[in-house]
1. Can you tell me which aspartates and glutamates have their Cα less than 15 Å from the Cα of B:K74? Leave out same-chain residues fewer than eight positions away.
2. Starting from the 7 Å offset along Cα-to-Cβ, what nm value, one decimal, do you get for the label separation of B:R118 and C:Y75?
3. Per residue Cα convex hull volume for chain B, in cubic angstrom?
4. Using a 1.4 angstrom probe on the protein heavy atoms only, could you order C:T98, B:T2 from most to least accessible area?
5. Excluding A:L259 itself, what net charge comes from residues whose Cβ is under 15 Å from its Cβ, given Lys and Arg +1 and Asp and Glu -1?
6. If you roll a 1.4 Å probe over the heavy atoms of the protein chains, what accessible area per residue do you get for region A:1-56, in Å²?
7. Over the heavy atoms of A:E232, what accessible area does a 1.4 Å probe trace out, to the nearest 10 Å²?
8. Determine how large the accessible area of C:K188 is when every protein chain is in place; take a 1.4 Å probe and give Å² rounded to the nearest 10.
Amino acid sequence: MVITGVCLLAFLVVLCFFLGYMERKVAAFMEIRLGPNRVGPKGSMQIVADTVKLLFKEGLTPDGADKFLFNLAPFIVVITSMLVVAPIAYARDFQLWDINIGVLYVSSISSMAVIGILMAGWSSSNKYSLIGAMRSGAQIVSYELSIGLSLISIVILSGSLQLSEIIESQANGWWIFKGHIPVIISFVIFIIASTAEINRAPFDLTEAEQELTGGFHTEYAGMKFAMFLLSEYINLFVVSAIAATIFLGGWMPFHIGGLDAFNHIMDYIPSSIWFFGKTFLIIFIIMWFRWTFPRLRIDQLLNLEWKYLLPISMVNILLVTAMAIMGWHF
Amino acid sequence: MTNEELKYSITELLPVATYDESGEFLNIIIPSDELIPLMKELRSKKEFDFDYLFCLTCIDWKDHLMMVYHLLSKVHKHCIVVKAKITDIQNPKIESVNCIWKTAELNEDEVYDLFGIRFLNHPNLRRLFLEEDWKGFPLRKNYVDENMIKL
Amino acid sequence: MLLGQDHITEEGEFVINMGPQHPATHGVLHLKIGLDGETIKKIEPHLGYIHRSIEKMCEQLSYRQFIFTTSRMDYLSAHINNQACVLAVEKALQVEATPRAKAIRVLMAELTRLASHQLWWACMGLDLGAVTPFFYAFREREAINTIIEETCGTRLTQNYMVPGGVMMDIHPNFQKRVKEVLKQIKEKAHEYDELLTGNVIFQQRLKGVGYLSKEDAVSYGCSGPTARASGVSCDVRKLFPYDGYEQLKFDEILNTEGDSWARYLVRLGEMKQSISIIEQLIDNIPEGDFQAKTKNVIKLPKGDFYQRVETARGELGVYIVSDGGATPYRCKFRSPNFSNLSAIPKMAEGAKIGDLVAIMATVDLVIPDIDR
């Protein structure tokens, strides 16, 4: 168990390096420039160099800050995002913890990240951080609802909270294809709401560099700041993996119910490639958002949730329930 | 209105005004305590309608200070320059025109900062550029700063 | 200057200092903001962090030298600032620039305006959280700067204008390069619209935000695109033409909405007008001298001289008081940004912090021009 844990941590760190590199390259691609290209082959060691720099920087604690909470906050943020990684299935028969309330576990743990962010903003003794923390509270609590509702639509269809069973239920086709338009709506809402949940542009109001100079992590430096970055990338991976698992079948290859020959050909592609392919596709889409959209304003952000996404998800749940009861899905 | 007509109408309003027509604009030179009544007339009367104060500054002529107001009418497209003469250079003060043109607020702060003219009835008179405890007023001709390099 | 001492603080008000070090103030502007939650109650600008007392320096510089200090005011319209000073001196001396010099000046001024608006567009996106437009606008801006560098030798503070004309003739490649860049800008114009103008989030961030009425725009002394978006006709190039603008065909872009979106549209329209002006002139630069003869030591006659020009941000006025000597007795620069800044507290009343950033972005402040 300990060995698996250590392996998982190592995997997450490597993953974050890769995501950091990918983000820079995607940004460069969107912004008609080259991106990192000096350190290591094709600039791949740039992120390692940055980490080393952050490691050697002084971890400053401001004078007026609540020292205990200020130093605790980054750990809480990282721990909550790492906890969510546990029930993810990376490949066929490769799941660390197949808990029978997987979906519930994911959605409840991921909402704890707001505690860390609020703590960081509050204890910094900086007015910009405080505004950032308050924004984050309003934002994460609101978007939690939409995420929950869109996950529930699949729970209704598959009849299980367990991630492995949800994946199994997609053996004859992924839910996004089987579930008609309501599931597609759920999927889109999930992507939008989870982008907001993990505080990435266009919903990065808690950081909002141009408004709040860095938001809740304005006062953090060195490794403590790196913790926030780490948790941002783990979160990015987690929500993409969850979206891939719930809506796109996780490690399940692309199957079409009834076409056995086609399904067998698809099975030859390793299941881990299917999982990571789908996950990184969604990660790319979320990065694409980030580098093309301007940021919303706080009232527009809350309007979007309470006036549009939440009512739509509620009606959508009704449709999905009707579909499940009547057996209209494939 | 042409400069001649402006001159004629303003003489009716304020007989003490003197004129200088050597430059591009008609310059009206008035004593500082006549400023507000004249300005109010220039702003409100339909035939003047000077609604745009585009330049507000001061000149230090060593024996007196001269406030300079450049006015333009967006409707009639005529310009005028009002110069108010402040003779008391030890303790110069003049009425603020902030109640007529809002742009005057920051401009008068600037003049207060650099020339030391106090504006009466100004909503928030403060040193705009320099520190509160800065000694002297840099744009005055008698200002000396030993750190200043003569070019 | 710091918290808790000024009259802006009322009981229970949350005061934050935006700047002098802040990503959205584009320099060392310091706005003290009284907040109620995230809603702005009051703004008080504190200036002087980049005050160099250019007006005092000018009193010691000759009429050939003082022109160059103005490049450091609104550094994005350096050419146009220089032009204002040069025109003021010419007006006092009653000298006229040669036709070729006038055409070159207008071309350079419009290229500067184009480059300046491109930088504004780039920062506009950046301020609202979209990083990508920055690089797209800089692609064309760099090309324009390279053209200017070829002729003037510098990219930002050009110091190219002298009384009577320009310092040297244009580079032989100038016309060819300008045409290439104009072609490139026209081809890429749709990218600008796709990235920002058509974006729903972007439109929502700007529409109805930072409303400035026509009366307020006039009363606060606003000029340039800020005033024109409120329906105030104030283009100096139209009202008080200089350097041959009266012979060129272009429109004054007006909008009556008065919000940030209107200001955005006015600036986009102005970019198109600048392109049209450059196209009219680029093949019609008259032959002849690029400089009229002036004396080595310029002495202005006694009197006041006022010259205004239209910079990328509004009306710049140069007010020279001469006592007949070789240096100005008093020199005042009426800077457009100073007046536009004074309207910002009015525009941002009741807005959110995010709105304030959008308002500052559309007003396009350049801080060294405010402080001088």
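The values are calculated or read from the model by the stated rules, or taken from the named source; none is laboratory data. These numbers were taken from a predicted model, which means no experiment stands behind them. Cβ atoms come from the backbone with ideal geometry, glycine included; neighbour counts cover every protein chain shown. Ligands, DNA and RNA are stripped out before the accessible areas are found, and what is left, the full protein with its side chains, is counted by its heavy atoms. Shrake-Rupley method; radii C 1.70, N 1.55, O 1.52, S 1.80 Å.
1. Of all the aspartates and glutamates, those that pass the test against B:K74 - Cα under 15 Å, at least 8 places apart if same chain - are B:E47, B:D49, B:D51, C:E215, C:D216, C:D235, C:E315.
2. 3.9 nm
3. Normalising the Cα hull of chain B by residue number yields 130 Å³.
4. Numbers: C:T98 25, B:T2 80 Å².
Putting C:T98, B:T2 in descending order of accessible area: B:T2, C:T98.
5. Here the charged neighbours net out to -1.
6. Per-residue accessible area for region A:1-56 comes out at 62 Å².
7. Roll a 1.4 Å probe over it and A:E232 shows about 20 Å².
8. Its heavy atoms expose roughly 60 Å² to the probe.
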